[in-house]
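S.K.: Dropping a structure here in C-alpha cells format, bear with me for questions.
The values are calculated or read from the model by the stated rules, or taken from the named source; none is laboratory data. Just so it is clear, the model here is predicted, and its values are computed rather than measured. Here the Cβ positions follow ideal geometry from the backbone for every residue, glycine too, while neighbour counts run over all protein chains shown.
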Amino acid sequence: MSIVQRWLFICAMLYPLAGIAAVPDIPMKTLDGEEHNVNEYIGKGKWVVVAIWAHDCPICNAELYQMSFFHDDHKDKDAIVLGVSIDGWKNKAKAEAFIERHSIDFPNLITEPDARILAGFGAGPFIGTPTFYIYAPDGSLAAQSIGPTSQEDLERFMSMYPAGGK
C-alpha cells in the first residue's frame, strides 16, 4: 500500500462516527450452531474489530488471515477480532473450509448475506467484503473500513483514537 493510500485510509478511519454509540443487537450463530449476539463481544472494555468476510471474496482470501496476527497480539491486552461470515447457513461448509485454510483463530459467527442484517452494525448500508467495523472499548462505533486493512493500520488507528472511544 502506498503512502498516499495509507494516509487516505487513516483519514477515512478518522471520519467521525462518534455519534453512533449504541452497541449493535444482531443475533447470529457460531459455525457450531450456537446462538450468539454480536453485543456479547462489543463494549466489554476492549477494542473490537468486526471483520465481515465471505469464502469467495478475493481480498478476504488474500488478507484476512492477517487479522489472526492482530487478534493474537492484542486479545490478552486491549483488542479482539470477531469474524462474521456472510456465506449463509447453506454455505457453512465453505465458511468452515475458509477458516481452516487460513488458520483463523479468532471467534467467528455466520449470518445470511442480508444487507438489512449487516446495516445493524451502524455505519449505514453494507457495501461489500471485506468490511471492518472498529468499536471502541466503550462499545461506540469508532470507524469503518471497506477493503484491505492491515494489522498496522488498526494499531495506528487505535493509537491515534482516544482511549475509551470518547
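S.K.: In the set 95, 123, 142, which member is touching a residue at least 60 places away in the same chain (Cβ under 8 Å) and touching an Asp or Glu at 6+ places or on another chain (Cβ under 6 Å)?
M.R.: 95
S.K.: Go through the residues of region 81-93 one by one and say whether even a single one is surrounded by 15 or more Cβ atoms within 10 Å (Cβ to Cβ), of a type in the set (D, E, K, R) and part of a helix (DSSP H, G or I).
M.R.: yes
S.K.: Let me ask you something else. Have a look at 42, 104 and point out the one that is closer than 15 Å to residue 24 by Cβ, touching a Phe, Trp or Tyr at 6+ places or on another chain (Cβ under 9 Å) and either touching a residue at least 40 places away in the same chain (Cβ under 8 Å) or among the basic types (Lys, Arg) (or both).
M.R.: Every option except 42 fails the conditions.
S.K.: Test of understanding: among 112, 100, which residue is assigned to a helix (DSSP H, G or I) and closer than 22 Å to residue 35 by Cα?
M.R.: Just one listed residue meets the conditions, 100.
S.K.: Sticking with this structure for a sec: Mind telling me which of the residues 13, 67 ends up being modelled with pLDDT of 95 or more and surrounded by 13 or more Cβ atoms within 10 Å (Cβ to Cβ)?
M.R.: Of the residues listed, the single one that is modelled with pLDDT of 95 or more and surrounded by 13 or more Cβ atoms within 10 Å (Cβ to Cβ) is 67.
S.K.: Is it the case, given these coordinates, that residue 159 is exposed (fewer than 14 other Cβ atoms within 10 Å of the Cβ), under 18 Å from residue 81 (Cβ atoms) and either in contact with a Leu (Cβ under 7 Å, 6 or more places away or on another chain) or small (Gly, Ala, Ser) (or both)?
M.R.: yes
S.K.: Of the numbered conditions (1) over 13 Å from the mean Cα position of the chain (by Cα); (2) within 17 Å of residue 57 (Cβ to Cβ); (3) surrounded by fewer than 16 Cβ atoms within 10 Å (Cβ to Cβ), residue 119 satisfies every one except a single condition; which is it?
M.R.: So residue 119 meets the others, but not (2).
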